[in-house]
Amino acid sequence: MNMKTMLISLTGALVLFNITRFVKSFMYLTAHPGSNQSHANPNFANQVCIVTRFFYDTTENVFAATMCGLALERIAASVMVSSYASIRTKVIPVLIISAQWLSSTAISLILILADRPEMSSWSKERLLMSCSLIYSHPNFVFGVFSAGSVGFLVAAALLAFLYCYNSRQYYNRLRSHLNTRYQYAENITTLRFLVPIMSLFGASYLVSTALVANIFLHTSKQEIDEMLIGDMWMLEKGYNATSSVFTPLFFVLCIWFHRPLKMVFISDVQSLLRINRRNTEEPRKDVQIVGLTGKNLMFQNETDVYFAALKNDWSKKV
């Protein structure tokens, strides 16, 4: 239940993150002076940029917190094998998810309020290329990404160790209590898809850290102005795009490596195919019956012939 709730929260954060990036890119493209059709006011586009930054920072914080929570949840399930299966309360996962979202929202809001003096100049009639946190707090962003890339790769290695540990314990305790064996089996099933997901997320975080480090080096050597933001624009989009690339891979890995989810997915696809096959009318084939003489016997309108003969027979009796 804990892991299921966190995965639902992570899925919602990924969807919100990608919607936010789409809105931000759309507003920038429509308000860009070089666009053939500029439909958006630059001032309005800048305000949208601040709002999208808030959701972007919040969802990024939720990503990190949820990934840490997934690793800690499987560690607890591996340590408390005998008692973890008996924990069936829904209050704990809801509290954990609520704390993750509230803390992530608070951090994003505090950083935006801290940048409020600089944002006062954003009301001018000029389009900002970016309002990213990397330009107002480069040291903080670089430190978070550096710690995150190392932490998630270490977490992936730890989960791989737990997978081997639970597999060995499951086969060594075949005569143990049923609930203990069930918990080991659940740990193996869960870790089988958590390890590649955590490894992929750590790798994407590592790529983002390299791009952030490049921006950090430039911001530390020269003053942050519109020219520098323009030069770093592609790098900024690059480290933001890693989470968008991670999104479809996350769903594929969940379905592929989690056996129960894979079986449900295959069953749903087969059901849809059966429904489509049933709705598609197959062309009727004419059946020809050949008699002893080799000639085709015609059986057209057999129903009409039968009822006509029956009516004729009854009329004779009357």
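Bear in mind these aren't lab numbers, they're just calculated from the coordinates by the rules spelled out. Keep in mind it's a predicted model, so treat the numbers as computed, not measured. Note: ideal-geometry Cβ built from the backbone for every residue, glycine included; neighbour counts use all protein chains shown.
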Task: Cα-projected label distance for R192 with I92, points at 7 Å along beta-carbon direction, nm - done: 2.5 nm
Task: Nitroxide proxy distance, nm - points 7 Å out along Cα→Cβ at L217 and H137 - done: 2.5 nm
- [ ] Compute the distance in nm between two label points, each set 7 Å from the Cα along the Cα-to-Cβ direction, one at M3 and one at M129.
- [x] 4.5 nm
Task: Cut-off 19 Å (backbone N to label point 7 Å along Cα→Cβ of S82), residues of region 177-203 - done: 177-187
Task: Principal semi-axes in Å for region 1-273 [√(5λ), Cα gyration tensor, largest first] - done: 41, 20, 17
